[in-house]
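As structure tokens, the structure follows; a few thoughts come after it.
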Amino acid sequence: MIDVQKFREEGYLYDSLENYKNFLDFDNFKKIKDLIDSKNIIRHSRFDYWIKYNELSYAEKLIYDDYLFREKDLPTADFMYLTAHEYQLKKIKECGFYPTWIFGTSMDDDICSTLRNRIISDFQENFSKHYYFEKENLKYMHDLRLQFYNKGCLIDVHDDGKPTDRYCVFLYFLNNEWKDENGGHLILYTKENKKIKIKPTFPNFVVLDSDVNLYHELEEVKDDIKYNIVCFFGKS
């Protein structure tokens, strides 16, 4: 386990979940990953596009189910949805828009309900009690999502601000392997502006302390699909 003082001073933690089994039911966490791996995570999802043009910000989105007219037409919806995504990326590039956030989020009922179970939330509450404070009877906010990033997706350099109700952000990486040439690495900038590149492979995870609020980015994905669980964790 990473030392508490080291985490709070540096503002981030990067480690393997296997080192936190006193906080986490690791075997059941793997069952969550197995369920996600059994699904086509592109289906029943949405793509979000945040772009800038002439110093103004714009948000657009694509929703998978808008292309699904009959359940038996899933392959047709797959094609139409991904083609629309490719067209959106082409439009951004050809029109000279500046992409700041491009990513997908699962809206699949099975995945969403699985993320609402207590396995992850119990881990986060145990983590919080160890790394932040020893208090009982707190009510926590767990904003859990499965996000994915295929070719062309990215997140520009940013910080998360300092919301008063947020303690930290958890990222649980789910890819079994990841090639460096695919891009898609999480890049952290330390308080000394040192650049740290993090490889997004299971069972590793990252916690970003919202008090320190480091700048970070996600490299543009060149190939394959990177996917992870993200949680904005705080008090409700």
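Values quoted throughout were computed directly from the atomic coordinates according to the rules given, and no laboratory measurement underlies them. For clarity, every value in this text was computed on a predicted model and none was experimentally measured. Cβ placement follows ideal geometry from the backbone for every residue including glycine, while neighbour counts extend to all protein chains displayed.
What to note about this one:
- Using a cut-off of 27 Å between Cα atoms, the listed pairs 162/194; 30/162; 162/222; 195/222; 33/179; 91/162 include 30/162; 162/222; 91/162 as exceeding that distance.
- Efficiency of FRET between residue 105 and residue 192 - r from beta-carbon atoms, R0 25 angstrom, step 0.05: 0.15
- Gain on full stretching of the segment that runs from residue 223 to residue 122 - 0.36 nm per residue minus C-alpha separation: 33.0 nm
- Judged by the ratio a/c of the largest to the smallest principal axis of the C-alpha gyration tensor, region 14-114 counts as oblate, that ratio being 1.5 or greater while a/b is no larger than b/c.
- Taking label positions 7 Å along the Cα-Cβ direction at both residue 201 and residue 43, the computed distance is 3.0 nm, reported to one decimal.
- CD proxy at 222 nm, helix term only [per DSSP H run n ≥ 4: -39500 (n - 2.57); per residue of the chain; nearest 500]: -8000 deg cm²/dmol
- Student exercise, region 124-236 dipole from Lys, Arg, Asp, Glu Cβ charges, in Debye to nearest 20: 140
- Three-way shape call for region 173-236 based on the alpha-carbon gyration tensor, with the a/c threshold at 1.5: oblate
- Proximal charge balance of residue 175 [Cβ under 11 Å; K/R count +1, D/E count -1]: +1
- Arranged from fewest to most other beta-carbon atoms within 10 Å of their beta carbon, 153, 95 become 95, 153.
- Listed by chain and number, the aspartates and glutamates placed with their C-alpha closer than 16 angstrom to that of residue 139 are 122, 125, 165; residues fewer than eight positions away on the same chain are left out.
- In terms of other Cβ atoms within 10 Å, 129, 33 run from fewest to most in the order 129, 33.
- The angle between the Cα long axis of helix 74-94 and the main principal axis of the chain comes to about 90°, on a 0 to 90 degree scale.
- Summing charges over all other residues whose Cβ lies under 12 Å from the Cβ of residue 104, with Lys and Arg as +1 and Asp and Glu as -1, gives +4.
- Counted charge near residue 165, where neighbours are those whose Cβ lies closer than 13 Å (Asp, Glu -1; Lys, Arg +1): +1
- Taking the longest Cα principal axis of the chain as reference, the axis of helix 118-131 is set at about 50 degrees.
- Phi angles of region 36-53 translate, via the Karplus equation with coefficients 6.51, -1.76, 1.60 and θ = phi - 60°, into HN-Hα couplings of 4, 5, 7, 9, 7, 6, 6, 5, 6, 10, 9, 9, 10, 10, 10, 9, 10, 8 Hz per residue; Gly and Pro are given as x.
- Taking a ≥ b ≥ c as the square roots of the eigenvalues of the alpha-carbon gyration tensor, region 44-169 is classed oblate because a/c is 1.5 or more while a/b is no larger than b/c.
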